[in-house]
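*Asks:* Let me give you the structure first, and then I'll get to my questions.
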Amino acid sequence: MRPILMKGHERPLTFLRYNKDGDLLFSCAKDHTPTLWFADNGERLGTYRGHNGAVWCCDVSRDSSRLITGSADQTAKLWDVKSGKELFTFKFGSPTRSVDFALGDHLAVITTDHFVDRMAAIHVKRIAEDPEDQVSDSVLVLQCPDGKKRINRAVWGPLNQTIVSAGEDTVIRIWDTETGKLLNETNEEVGHKKAITSLCKAADDSHFLTGSHDKTAKLWDMRTLTLIKTYTTGVPVNAVAMSPLLNHVVLGGGQDASAVTTTDHRAGKFEAKFYDKILQEEIGGVKGHFGPINALAFNPDGKSFSSGGEDGYVRLHHFDSDYFNIKI
Amino acid sequence: MEVVDIDARAAKLGINWSQVNFDSIQLPPGEDFGIESDDEAVYHDDQSEFDTGFGNIIVVDHLPVVPKEKFEKLEGVVKKIYNQLGVIKENGLWMPVDPDTKMTLGYCFIEFNTPQEAQNAKEKSHGYKLDKSHIFAVNMFDDFDRLMNVREEWEPPQARPYVPGENLQKWLTDDKARDQLVIRSGPDTEVYWNDARQKKPEPVHKRPYWTESYVQWSPLGTYLVTLHKQGAAVWGGADTFTRLMRYQHSMVKLVDFSPGEKYLVTYHSQEPSNPRDASKVEIKVFDVRTGRMMRDFKGSADEFSIGGPGGVAGASWPVFRWAGGKDDKYFAKLSKNTISVYETETFSLIDKKSMKVDNVVDICWSPTDSILSLFVPEQGGGNQPAKVALVQIPSKVELRQKNLFSVSDCKMYWQSSGEYLAVKVDRYTKTKKSTYSGFELFRIKERDIPIEVLELDNKNDKIIAFAWEPKGHRFAVIHGDQPRPDVSFYSMKTTQNTGRVSKLATLKAKQANALFWSPTGKYIILAGLKGFNGQLEFFNVDELETMATAEHFMATDIEWDPTGRYVATAVTSVHEMENGFTIWSFNGIVIYRILKDHFFQLAWRPRPPSFLTAEKEEEIAKNLKKYSKKYEAEDQDVSLLLSEQDREKRKALKDEWEKWVMQWKALHEEEKLARQNLRDGEVSDVEEDEYEAKEVEFEDLIDVTEEIVQESM
């Protein structure tokens, strides 16, 4: 089907997120306003105004009532999804890179960048039922060995017992949320060779997919951190997503934004590439963006996906029926 | 230990430095605690002085024996000779005199500034004829001990047992008749079989850091040459690549083989310290099998080029161009106003002198015969016409020449079997503001070498590329000024017209700027590299039809395998992304693709020419059906096996995955309760049927109309 082009952002997209029911799509961009769309027809519902910098990441609670966003303005904010009202602001001394609600939505993990003398860190915050009771204290703060490297993504593991983090230092780490101890990390042999840009969990928290500038994406067991699959593509990977319905993974990326203007637009390979999750073979690609893909998200029903690019567009693709019968 | 550390340590131990008498400290004998004594450092310095030794002294023997009166004269002569070869140290010449007779003893010692100069002087002056009865015998002073120990009686050298070498051409006996290719990516150099049946390359040999710059096959494929700081090395052998020979040439930059791969030419150039000077060039010619250096050439870059920008550091490579054929008999060098032709029996100039050709700018050997074509541009503002000439070597007889007027440039293209020579001539228009191109076609094998002039249909078209069909009579030209140029095919011989060139076809508006003929002829790839981003058109020239069009996006290199069955297209590291190569069949079907980051080079291993006679080849071509039966059956077997293997592999992967998923599911199930608790008792998990499918019947009355139907009976 023809993709729906959603033009609402003025700057490159950074993150996309569906709510659990799959009817709402949240998009973050380097302009300062996260935007809410109808996931079906791409109609814009509203924006969340209040940030004063690029918004890097967001997450929505299971009941679609709360939204948390992390921004380069050194804050993470809680929002009321329905009214767009700002509920609370967590202030950090450095830009926040990623946010993720825990199972049950009582906790959130927030990563902050290295900034002046502050080292990159992973913060765990308690999220109060009633925004009136919200406090900004961290329950737990974790730090990677090299505090100057960004932590691009941190998500909750099964049963909130672990936190999985990945970033510029190419290492994926699993932390114990009770003790704050490092439980496991990838070694040089199987790990990524360059900065990890993105991380995406399976719906049942059993495995996750990471994308890296080393032009590969890797699938890992979330409990043991064993490498299950590697998907090799020709371009740096900026965004990854997994189909909840079929055994497909989608990789998005493209050459660096700085090199784009000097070459043919096809040279960038700004495609969302589909791979068979099990056979690791390329199935096909979806073209369209006029710039690298920075964000990818699958609708929880697996029947549509959206991509956000450096070009400032969100493209919403509903799959044709042929897609569900692909044989390779 | 740093001084600061020492101080800190002392403070900790409560030692006051001013109260310590260092001389009273006694270290156990033979133990220095890793502290180097100052005395030792001094001692080391002294040593290095001694090490320079006598390496810079030579002994010159067989000097005339002269009385005292003539001593100074002789000294003057010797000084004069050796000052040309190096800098003699002050008082560096010492000629001993018999204390009784005051006569010289017939030898002298000369000390040079450096051992290199001494070595050079020894090499250059050994055997120097001062006069009839005095021929210098020069030795290094350091060699004297060795020479003293030479036995008086001659002993026959022991015959070393013959060790049979490996079969260097074993790769040709591959039972699947595959070809090899070498690739370089990242630090690795890898050799593969191109296994088109299996649709993948089969590794032969892989070695990281095999070469320090690039690798190259010898022209007949026997050797692979690698370049190193110390020199070049060739590799080959029956099963794996073993090093067969090394050629010492420090900082070698380029190498070139003679066409029969008997000789290897290595090139090194030194950037001058003063930018106004020309760079220094050193070229060595080695015998490939013995590793012996046959000749070396040294000089400034000017001596190896005709000036102007071109090639590496001023000289255009290859500096020495080898005459065609497998005999490796002659090689030629072009320099200002001269062509120097050497022969390989003695590695000296033919007739001991080079050919003087004023202002010659280009030379080209026939690929099969020892015929040299040369081009001399116009001189004297057009008073003297430009000239293209064919010269027979070694007789230096001019076979044919043609004068050309108002020429701006010429380029010579030999057909691979040396039958034809095409000269692309760019001429000025009358206004001299622009140029147009035409061709002069020489038929070498015919009597008197007739020349034919060919102009394109549209004279003003720019010529973008030209290529002869290998071993054939046809050639292809890309011409035109438009963004999409035309491609024309011509034949030197057609059934109606044996003596004249005729046009076969013109293809209009093609996205092409380079031509790649199959090594067996008949097929050609019209390639659009660079600006066209890797457009490929596979064209059959016999039928004049396009077999396939394809694209290898951003392709930088195209190379046919030596048999003309497959083509490799590659994206090398000039581009940042999509590095790797693709193997195509001759008719444009993708066989397989390999992605490799930092991909530098791809080269097919050449094959030596076939031993079959032309008649036999023709016979095989005629009865191809009979011969191909066997191979078709093999092909089918392989493809069956492949699909079987593929199926099995997929099944295994799927099974493995299922196992994983089952494990996950089990764990997930176990943790169900825990999850519920975390969600404050909210039950719904995604996998539980949250949406209940209910069938709801819904009736809506939209409209009611009454129609009276009359029964028409």
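The values are calculated or read from the model by the stated rules, or taken from the named source; none is laboratory data. Predicted, not measured: the structure shown is a model, and the values here were computed from it. Neighbour counts are summed over all protein chains in view; Cβ atoms, including those assigned to glycine, are modelled from backbone coordinates with ideal geometry. For the accessible areas, the whole protein counts, side chains as well, though only heavy atoms, and no ligand, DNA or RNA atoms are used. Shrake-Rupley method; radii C 1.70, N 1.55, O 1.52, S 1.80 Å.
*Asks:* Take the residues in region B:475-493 that are surrounded by fewer than 23 Cβ atoms within 10 Å (Cβ to Cβ) and at pLDDT 90 or above; name whichever of them is farthest from B:L441 (Cα to Cα). Steps first, please.
*Replies:* Our first condition is that a residue be surrounded by fewer than 23 Cβ atoms within 10 Å (Cβ to Cβ); within region B:475-493, this holds for B:479-484, B:486, B:488-491, B:493.
So of that shortlist, the ones also at pLDDT 90 or above come out as B:479, B:486, B:488-491.
Values: B:H479: 17, B:D486: 21, B:S488: 16, B:F489: 15, B:Y490: 12, B:S491: 11 Å.
Among residues in region B:475-493 that are surrounded by fewer than 23 Cβ atoms within 10 Å (Cβ to Cβ) and at pLDDT 90 or above, the one farthest from B:L441 (Cα to Cα) is B:D486.
*Asks:* Please enumerate the residues belonging to region B:551-564 that are within 13 Å of another protein chain (Cβ to nearest Cβ), touching a Ser or Thr at 6+ places or on another chain (Cβ under 8 Å) and open to solvent by less than 20 Å² (accessible area, probe 1.4 Å). Spell out how you get there, then give the answer.
*Replies:* Within region B:551-564, the first condition is being within 13 Å of another protein chain (Cβ to nearest Cβ), and the residues that meet it are B:551-556.
From the residues that got through so far, the ones that are touching a Ser or Thr at 6+ places or on another chain (Cβ under 8 Å) too are B:552, B:555-556.
Correct list: B:H552, B:A555.
*Asks:* Sticking with this one: Would you pick out the residues in region B:644-683 that are of a type in the set (A, V, I, L, M) and within 12 Å of chain A (Cβ to nearest Cβ)?
*Replies:* From region B:644-683, those of a type in the set (A, V, I, L, M) are B:652-653, B:661-662, B:666-667, B:673-674, B:678, B:683; that's our starting set.
B:A652, B:L653, B:V661, B:M662, B:A666, B:L667, B:L673, B:A674, B:L678, listed by residue number.
*Asks:* While we're here: Residues that are in the same structural domain as B:D481 (by the TED database) and modelled with pLDDT under 90: find the strands (runs of 3 or more DSSP E) completely inside region B:369-443 holding 2 or more of those. Give the steps one after another, and end with the answer.
*Replies:* On the way: elements: B:371-376, B:386-392, B:397-404, B:407-414, B:420-428, B:435-443.
Filter on region B:369-443 gives an empty set.
*Asks:* All but one of (1) open to solvent by 20 Å² or more (accessible area, probe 1.4 Å); (2) acidic (D, E); (3) in contact with a Phe, Trp or Tyr (Cβ under 7 Å, 6 or more places away or on another chain) hold for B:D542, so report the exception by its number.
*Replies:* (3)
*Asks:* Across region B:596-609, what is the total count of residues that are of a type in the set (F, W, Y) and either out of contact with any Asp or Glu (no Cβ under 9 Å at 6 or more places or on another chain) or in a loop (DSSP other than H, G, I, E, B) (or both)?
*Replies:* Of region B:596-609, the ones of a type in the set (F, W, Y) are B:599-600, B:604.
Next cut, either out of contact with any Asp or Glu (no Cβ under 9 Å at 6 or more places or on another chain) or in a loop (DSSP other than H, G, I, E, B) (or both) only: B:599-600.
So the count comes out to 2.
*Asks:* Scan region B:191-203 residue by residue and report those that are at pLDDT 90 or above and open to solvent by 10 Å² or more (accessible area, probe 1.4 Å). Don't jump to the end; show me each part of the working.
*Replies:* So the first thing to find is which residues in region B:191-203 are at pLDDT 90 or above, and the list is B:191-194, B:201-203.
Of everything in region B:191-203, those that are at pLDDT 90 or above and open to solvent by 10 Å² or more (accessible area, probe 1.4 Å) turn out to be B:Y192, B:W193, B:P201, B:E202, B:P203.
*Asks:* Considering only region A:153-190, state which residues are small (G, A, S) and buried (at least 21 other Cβ atoms within 10 Å of the Cβ). Steps first, please.
*Replies:* We begin by selecting, within region A:153-190, every residue small (G, A, S); these are A:154, A:157, A:165-167, A:180.
A:A154, A:G157, A:S165, A:A166, A:G167 - these are the residues of region A:153-190 that are small (G, A, S) and buried (at least 21 other Cβ atoms within 10 Å of the Cβ).
*Asks:* With respect to B:D188, is the statement that it is open to solvent by less than 60 Å² (accessible area, probe 1.4 Å) and touching a residue at least 60 places away in the same chain (Cβ under 8 Å) true? So that I can check it myself, show each step before the final result.
*Replies:* On the way: open to solvent by less than 60 Å² (accessible area, probe 1.4 Å): yes; touching a residue at least 60 places away in the same chain (Cβ under 8 Å): no.
No, not satisfied.
*Asks:* Of the residues B:P367, B:P377, which is open to solvent by 10 Å² or more (accessible area, probe 1.4 Å), touching a residue at least 24 places away in the same chain (Cβ under 8 Å) and in contact with a Gly (Cβ under 7 Å, 6 or more places away or on another chain)?
*Replies:* Values: B:P377 fails: in contact with a Gly (Cβ under 7 Å, 6 or more places away or on another chain).
Being open to solvent by 10 Å² or more (accessible area, probe 1.4 Å), touching a residue at least 24 places away in the same chain (Cβ under 8 Å) and in contact with a Gly (Cβ under 7 Å, 6 or more places away or on another chain) holds for just one of B:P367, B:P377, which is B:P367.
*Asks:* For region B:451-498, name all the residues that are without any contact (Cβ under 8 Å) to a residue 24 or more places away in the chain and assigned to a loop (DSSP other than H, G, I, E, B).
*Replies:* Answer for region B:451-498, where residues must be without any contact (Cβ under 8 Å) to a residue 24 or more places away in the chain and assigned to a loop (DSSP other than H, G, I, E, B): B:N458, B:K459, B:G480, B:D481, B:P483, B:K493, B:T494, B:T495, B:Q496, B:N497, B:T498.
*Asks:* What's the number of the condition A:I196 fails, among (1) within 23 Å of A:N294 (Cα to Cα); (2) more than 14 Å from chain B (Cβ to nearest Cβ); (3) open to solvent by 30 Å² or more (accessible area, probe 1.4 Å)?
*Replies:* (3) is the only condition that A:I196 fails.
*Asks:* Turning to a different aspect of this structure: Hey, can you tell me all the residues within region B:62-120 that are farther than 16 Å from B:V138 by Cβ, surrounded by fewer than 17 Cβ atoms within 10 Å (Cβ to Cβ) and β-branched (V, I, T)?
*Replies:* The answer is B:V65, B:V87, B:V97, B:T101, B:T114.
*Asks:* Sticking with this structure for a sec: Give the number of residues within region A:202-236 that are more than 8 Å from chain B (Cβ to nearest Cβ), part of a strand (DSSP E or B) and either surrounded by 19 or more Cβ atoms within 10 Å (Cβ to Cβ) or without any contact (Cβ under 8 Å) to a residue 24 or more places away in the chain (or both).
*Replies:* 11
*Asks:* Spot the failing condition for B:A137; the list is (1) within 28 Å of B:Q216 (Cβ to Cβ); (2) at pLDDT 85 or above, and only one is missed.
*Replies:* The failed condition is (1).
*Asks:* Here's another thing I want to ask about it. Looking only at region B:565-584, count every residue that is open to solvent by 10 Å² or more (accessible area, probe 1.4 Å) and outside any strand (DSSP E or B) and tell me the total. Steps first, answer last, please.
*Replies:* Of the residues in region B:565-584, the ones open to solvent by 10 Å² or more (accessible area, probe 1.4 Å) are B:565-566, B:572-576, B:578.
This time we only want the ones that are outside any strand (DSSP E or B), so: B:565, B:572-576, B:578.
Residues in region B:565-584 being open to solvent by 10 Å² or more (accessible area, probe 1.4 Å) and outside any strand (DSSP E or B): 7 in total.
*Asks:* Taking the options A:V249, A:V240, name whichever one is assigned to a strand (DSSP E or B), more than 12 Å from chain B (Cβ to nearest Cβ) and under 18 Å from A:E168 (Cα atoms).
*Replies:* Numbers: A:V249 fails: under 18 Å from A:E168 (Cα atoms).
The conditions single out A:V240.
*Asks:* Just to check your reading of the model, which residue among B:L612, B:L641 is more than 14 Å from chain A (Cβ to nearest Cβ) and either assigned to a loop (DSSP other than H, G, I, E, B) or in contact with a helix residue (DSSP H, G or I) (Cβ under 8 Å, 6 or more places away or on another chain) (or both)? Give the steps one after another, and end with the answer.
*Replies:* Working: B:L641 fails: either assigned to a loop (DSSP other than H, G, I, E, B) or in contact with a helix residue (DSSP H, G or I) (Cβ under 8 Å, 6 or more places away or on another chain) (or both).
The conditions single out B:L612.
*Asks:* With (1) within 14 Å of chain A (Cβ to nearest Cβ); (2) open to solvent by 20 Å² or more (accessible area, probe 1.4 Å) as the list, and B:N587 as the residue in question, which single condition is left unmet?
*Replies:* (1)
*Asks:* Take B:K471 and decide whether it is basic (K, R) and either under 24 Å from B:F516 (Cα atoms) or under 29 Å from the mean Cα position of the chain (by Cα) (or both). Can you show your working first?
*Replies:* Details: basic (K, R): yes; either under 24 Å from B:F516 (Cα atoms) or under 29 Å from the mean Cα position of the chain (by Cα) (or both): yes.
Criteria met by B:K471.
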